[in-house]
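What follows is a short report on a single structure.
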Amino acid sequence: MVGPAILYLPHGFASAGYLVAVPLLLLSTVLFLWSSGCLLQAWRMENSRLRRERKNNESLSLKIQRIRLSYPELAYRSFGTTGETLVQLGISLMQSGVCLTYLIFVPQNLHSSALDLFGTNISTSWCLAFMMAVQIPMSWIRDIRRLTVTNLLANVLILYGLLTCLGFALKQMGGMEEGVDVGE
């Protein structure tokens, strides 16, 4: 799944420059692939161990159910309570950082969009208050499977945003070839 933060990638490249942005993007990709491989290997090892135990204990049962392991549970089985605590802390810090980032840039984007599209100067504080009024009750939902409809809507809107950015980029590239600045 791709999050809305990908829409800020061009701005990050423009701010950092290619000399910094490309190596950092490559490094983060390599680290992501390596850590994903480690996680998958640990899950496979634990899953096969659990399947062997289940076969030995339930010789009458022919059906083996799929085993679901959460990240903290996998860390507990691999590294004990310290690993579980570190993974839970990491997940909490990452989610908090993502939420804080969105609480900063979404109201700014809503403010800019309302100003550009409708000529209405809506305060970022009001945009933030509206976001909080929607997001706080949604955070009380314990089973995230109930959010599949909103997740689908979010993914469709993200796809729309990515396609819109791609369309503007292609239009600008076409305008540059003809010697016309699309920004005018």
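The values are calculated or read from the model by the stated rules, or taken from the named source; none is laboratory data. Owing to the predicted nature of the structure, the values given are computational and were not obtained by experimental measurement. Cβ atoms come from the backbone with ideal geometry, glycine included; neighbour counts cover every protein chain shown. Areas reflect the complete protein model, heavy atoms only, side chains present, ligands, DNA and RNA absent. Shrake-Rupley method; radii C 1.70, N 1.55, O 1.52, S 1.80 Å.
Working from label points 7 Å from Cα in the Cα-to-Cβ sense, the residue 54 to residue 95 distance is 2.6 nm.
Here the spin labels are modelled as points 7 Å beyond Cα on the Cα-Cβ line, and at residue 168 and residue 123 they lie 2.8 nm apart.
Compute the label zone of residue 47 within the stretch 75-107: residues whose backbone N is under 18 Å from the point 7 Å along Cα-to-Cβ. What the label zone holds, given the 18 Å backbone N cut-off, is 75-78.
Take the Cα atoms of the stretch 109-168, build their convex hull, and give its volume per residue in Å³.
On the way: hull volume 5.3 nm³, N = 60.
So the per-residue Cα hull volume is 89 Å³.
Extension gain for the segment residue 25 to residue 115, taken as residue separation times 0.36 nm less the Cα-Cα distance, is 29.1 nm to one decimal. Evaluated with a Cβ-only charge set (Lys, Arg +1; Asp, Glu -1), the chain carries a dipole of roughly 1420 debye about its Cα centre, given to the nearest 20.
Given a 1.4 Å probe and every protein chain left where it sits, what share in percent of the accessible area of the chain is carbon and sulfur? Could you put the intermediate results ahead of the total?
On the way: 10000 of 15030 Å².
Answer for the chain is 67 percent, counting heavy atoms of protein chains only.
Rolling a 1.4 Å probe over the protein heavy atoms gives the chain an accessible area of 82 Å² per residue.
Viscosity 0.692 mPa s, temperature 37 °C: give me the Stokes-Einstein translational D for the chain in µm²/s, with Rh taken as the Kirkwood radius over C-alpha pairs. Working shown, then result.
Working: Rh = 21.2 Å.
The calculation lands on 155 µm²/s.
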